[in-house]
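Novice: If you scroll down you'll find the structure; I have some questions about it.
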Amino acid sequence: MAKPLFRLQKFLRRTQFLLFFLTAAYLMTGSLLLLQRARVALAPGPRAPGPLQALPVAAVALGVGLLDSRALRTPRVSDLLLDVDVLRRPPPRPPPGLRWPQRSRSPELRQLRRRWFHRFLNDPQGPPAAGPEDPRPAARSQGVYIGCFRDAGQERTLKGVVFYDLRKMTVAHCQDACAERSYVYAGLEAGAECYCGNRLPATRVGLDECNQECKGEKGTACGAVGRLSVYRVEDLQPGSRKRRTATYRGCFRVPDNVTHAFPDSLLQTNMTLETCSGFCSQKEFPLAILRSWECYCAYPTPQFNLREAVDSSRCAQRLADYCEVYQTPVQDTRCTDRRFLPTKSKVFVALSSFPGAGNTWARHLIEHATGFYTGSYYFDGTLYNKGFKGEKDHWRSRRTICVKTHESGRREIEMFDSAILLIRNPYRSLVAEFNRKCAGHLGYAPDRNWKSKEWPDFVNSYASWWSSHVLDWLKYGKRLLVVHYEELRRSLVPTLREMVAFLNVSVSEERLLCVENNKEGSFRRRGRRPHDPEPFTPEMKDLINGYIRTVDQALRDHNWAGLPREYVPR
């Protein structure tokens, strides 16, 4: 019995010694590291000015990554002789309006704060105060800060391009978007909203009223509620210049009343397209018109609606009765103002479609035609950032003109009083939805996704959903307007006029022409498709064609015209 007790005592003594040794080593190592991190006396020379040759421990303890490679070598005894006064010295106070950066678990935030702190060290006096007559360059941006202005609501001056970003809005991001479309001014509001234009707002206010920072960039002025921080865009990124070119719309006959149809003009010898487009862009006109050596700026109107193009050779001959029309990079701003309904809607309207059927594009058209936001059964931050402000609103609020939904089933359908049912060719819908699932709203799925088992499994499950979605809405929908995506593409204004009338909103012909001029919106996929246009096997086609025939017959049974002939199998 004594022998096991002796062994136990011997083991415990060894364990105590080992724990004591490890604790002492840990404390010694920690002390050396603390002293090493506190030793910030820099070698004299041109690398650092006088005020930066020694920093207190409190400044280093913020974790802003100021140590250079020399601080990683093995410490010497002389390095450990630290001035006690340095440790006792209170930390310096930051300049007015600036805060010491705090530690964060996010690598992106830590990197951003490191850059901020290094800029502060290079300018220890802090940024100068900006006055109305003393514009200052915007930090990490392209433009010059003009000042703080009152936002005029529905009559705002900066309304060319509008988008939001609740988390990552920066001055440079907003300016790039405005510069791409030839706008001179970029205005930021409430820290997350971006507006563009070529004319300054009318009412300037004090700089202290723009007291919100950008959501994605600390230390920058990003307006406030009802206040715009306006920056002048001076230079363009190399990739942004491509969008400044005008787009050829065709050759047209000059209208009878030129002065009424073309509100502004520029006459000079050797007129070029670049000069004319730049002049009309500065005036915020979407159309630049060349007639011999004359330049005119205009909007699409009922008298000049760009629907009766003639042979381009007539314009090439410089005949006086014909003109060349180009689309400028700026937007047609007559239909860009949108708002929530002033009172709650008494009719709860759905905008229903199968995923990939163009619901987002239809929302863009409806919002610009009616001037009211559309809502959504889902919350998509990407769509909100692109200007669909109704995404953030609760879908039952009834403050939107209609509500996007992909749902089917009796309960989900009968809660709506009426619905616009948007139907698209299932082949195109399946491809569009597969691209969105694999690469987002604007991307294309890579080849590996199309060649894997993921694609056939997707078709087998989603093709039946395309059919059941239409059948359920035909069966349970209380009041329907069936709209075919292909017909909306082909005859946009007549079809959109019918949709707006269904929503019980009256709009002018000029507004509908404005929508037609801005019809593409911000969610058109660009670039080369990485797969064949028809990635469907014969078995997939047989399956889909069966669903097409079923839906076509169901539409006819409910007294609707059948599906468009272009994709109904024969």
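The values are calculated or read from the model by the stated rules, or taken from the named source; none is laboratory data. Given the structure is predicted, the values throughout are model-derived calculations rather than measurements. As a convention, Cβ positions derive from the backbone with ideal geometry for all residues, glycine included, and neighbour counts pool all protein chains shown. SASA here: full protein model, heavy atoms, side chains in, ligands and nucleic acids out. Shrake-Rupley method; radii C 1.70, N 1.55, O 1.52, S 1.80 Å.
Novice: If you scan the stretch 384-405, which residues turn out to be surrounded by fewer than 24 Cβ atoms within 10 Å (Cβ to Cβ) and touching an Asp or Glu at 6+ places or on another chain (Cβ under 8 Å)?
Specialist: Y384, N385, R399, T405
Novice: Taking S418, is it modelled with pLDDT of 85 or more, within 17 Å of L351 (Cα to Cα) and out of contact with any Ser or Thr (no Cβ under 9 Å at 6 or more places or on another chain)?
Specialist: In short, yes.
Novice: Which residue pairs have Cβ atoms under 9 Å apart, sit 6 or more places apart or on different chains, and have a first residue in the stretch 484-495 that is open to solvent by less than 40 Å² (accessible area, probe 1.4 Å) and a second that is in a helix (DSSP H, G or I) and among the polar types (S, T, N, Q)?
Specialist: These pairs meet every condition: H484/T495; Y485/S429; L488/T495.
Novice: A further question follows. Collect the residues in the stretch 186-206 that are within 16 Å of G143 (Cβ to Cβ) and open to solvent by 30 Å² or more (accessible area, probe 1.4 Å), keeping them in residue-number order.
Specialist: R199, L200
Novice: Checking K541 against (1) surrounded by fewer than 17 Cβ atoms within 10 Å (Cβ to Cβ); (2) modelled with pLDDT of 95 or more, which test does it fail?
Specialist: Tallying (1) surrounded by fewer than 17 Cβ atoms within 10 Å (Cβ to Cβ); (2) modelled with pLDDT of 95 or more, K541 fails exactly one: (2).
Novice: Return the total of residues in the stretch 290-341 being open to solvent by 40 Å² or more (accessible area, probe 1.4 Å) and at positive phi.
Specialist: 2
Novice: Looking at (1) under 24 Å from R511 (Cα atoms); (2) surrounded by 12 or more Cβ atoms within 10 Å (Cβ to Cβ), which is the only condition T259 fails?
Specialist: Here T259 clears every test but (2).
Novice: Just a yes or no: is a residue in the stretch 267-277 assigned by the TED database to the domain that holds V310, open to solvent by 50 Å² or more (accessible area, probe 1.4 Å) and in contact with a strand residue (DSSP E or B) (Cβ under 6 Å, 6 or more places away or on another chain)?
Specialist: There is at least one residue in the stretch 267-277 that is assigned by the TED database to the domain that holds V310, open to solvent by 50 Å² or more (accessible area, probe 1.4 Å) and in contact with a strand residue (DSSP E or B) (Cβ under 6 Å, 6 or more places away or on another chain).
Novice: Just to be sure I understand, how many residues within the stretch 164-180 are open to solvent by 20 Å² or more (accessible area, probe 1.4 Å) and touching a helix residue (DSSP H, G or I) at 6+ places or on another chain (Cβ under 9 Å)?
Specialist: Within the stretch 164-180, residues that are open to solvent by 20 Å² or more (accessible area, probe 1.4 Å) and touching a helix residue (DSSP H, G or I) at 6+ places or on another chain (Cβ under 9 Å) number 6.
Novice: Restricting the first residue to the stretch 424-438 and requiring it to be modelled with pLDDT under 90, which pairs with a second residue that is part of a helix (DSSP H, G or I) meet a Cβ separation below 6 Å and a spacing of at least six or different chains?
Specialist: Listed by first residue and then by second, the contacts come to C438/N449.
Novice: With the requirement that a residue be open to solvent by less than 10 Å² (accessible area, probe 1.4 Å), not in a loop (DSSP other than H, G, I, E, B) and not small (G, A, S), what does the stretch 360-377 give you?
Specialist: Those that are open to solvent by less than 10 Å² (accessible area, probe 1.4 Å), not in a loop (DSSP other than H, G, I, E, B) and not small (G, A, S): R363, L365, I366, E367.
Novice: Identify all residues within the stretch 278-289 that are open to solvent by 40 Å² or more (accessible area, probe 1.4 Å) and among the aliphatic types (A, V, I, L, M); write none if there are none.
Specialist: none
Novice: Does the stretch 385-418 hold any residues that are touching a strand residue (DSSP E or B) at 6+ places or on another chain (Cβ under 6 Å) and either part of a helix (DSSP H, G or I) or in contact (Cβ under 8 Å) with a residue 60 or more places away in the chain (or both), and which are they?
Specialist: Within the stretch 385-418, N385, K386, G387, G390, E391, T400, I401, C402, F416, S418 qualify.
Novice: Taking the stretch 435-464 as the region of interest, how many residues are in a loop (DSSP other than H, G, I, E, B), open to solvent by 60 Å² or more (accessible area, probe 1.4 Å) and either within 24 Å of I548 (Cβ to Cβ) or among the hydrophobic types (A, V, I, L, M, F, W, C) (or both)?
Specialist: Here the count works out to 1.
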